[in-house]
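Step one of this worksheet: look at the structure below.
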Amino acid sequence: MMTVADLSKHSGVTSHAVRYYSRIGLLKPGRNPENGYRIFDRTDISRLRFIRQAQSLGFTLEEVADILEESGKGNSPCPKVREILRHRIEENRHKLEELKNLQERMEHALVHWAGMPDGMPDGHSVCHLIESG
């Protein structure tokens, strides 16, 4: 049996994260009957590693909870995992395209503004560089 500190040390996850994961139900520790402290076992180390690995792939904690729940029911969460990842990849492609377009607009604006003088606010204009575009 391990305490929060022990689990943190063995898993490489902060004590704060262990407590948070326990609070939101990703970890389900027992209680020490003598002092009421949370107690964990070796399976919690594996569970923490799974949570961290899933997060490193972009899964949210809510999605991780759903995956763990499905697995806990004896069902394979793999189809759901694949679908989430496919959806996330498409979202990321869209976001990357938006960022690329923003980068191009920013670079174009900077080139355009290179020859323009600095302006002073006059009550009708805040920054004529931005307002010129």
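The values are calculated or read from the model by the stated rules, or taken from the named source; none is laboratory data. Here the structure is a predicted model, which means the values were calculated and not measured. Positions of Cβ are backbone-derived with ideal geometry, glycine not excepted, and every protein chain shown enters the neighbour counts.
Six or more apart or on different chains, Cβ atoms under 9 Å: show the pairs whose first residue is in segment 71-87 and assigned by TED's automatic domain parsing to the domain that holds G58 and without any contact (Cβ under 8 Å) to a residue 24 or more places away in the chain and whose second is assigned to a loop (DSSP other than H, G, I, E, B) and surrounded by 10 or more Cβ atoms within 10 Å (Cβ to Cβ).
Pairs found: S71/P77.
Just to be sure I understand, how many residues within segment 56-65 are farther than 17 Å from R86 by Cβ and within 10 Å of the chain's Cα centre (by Cα)?
2
Determine the pairs where a residue that is surrounded by 19 or more Cβ atoms within 10 Å (Cβ to Cβ), located within segment 1-24, has a partner that is part of a helix (DSSP H, G or I) and of a type in the set (D, E) with Cβ atoms under 7 Å apart, the partner being 6 or more residues away or on another chain.
Every condition considered, the pairs that remain are L7/D44.
May I ask you to say which residue of S56, S125, S76, S132 is closer than 27 Å to Y20 by Cβ and of a type in the set (S, T, Y)?
Result of the check over S56, S125, S76, S132: S56.
Could you figure out which of (1) over 18 Å from the mean Cα position of the chain (by Cα); (2) surrounded by 11 or more Cβ atoms within 10 Å (Cβ to Cβ) isn't true of Q53?
All conditions pass for Q53, except number (1).
In the set E98, E62, E90, E34, which member is at pLDDT 95 or above, exposed (fewer than 11 other Cβ atoms within 10 Å of the Cβ) and assigned by TED's automatic domain parsing to the domain that holds D6?
That would be E62, the only listed residue that is at pLDDT 95 or above, exposed (fewer than 11 other Cβ atoms within 10 Å of the Cβ) and assigned by TED's automatic domain parsing to the domain that holds D6.
Give me the pairs, please: first residue somewhere in segment 51-65 and in contact (Cβ under 8 Å) with a residue 24 or more places away in the chain, second residue anywhere and hydroxyl-bearing (S, T, Y), beta-carbon distance under 7 Å, and either six or more positions apart or on two chains.
I51/Y21
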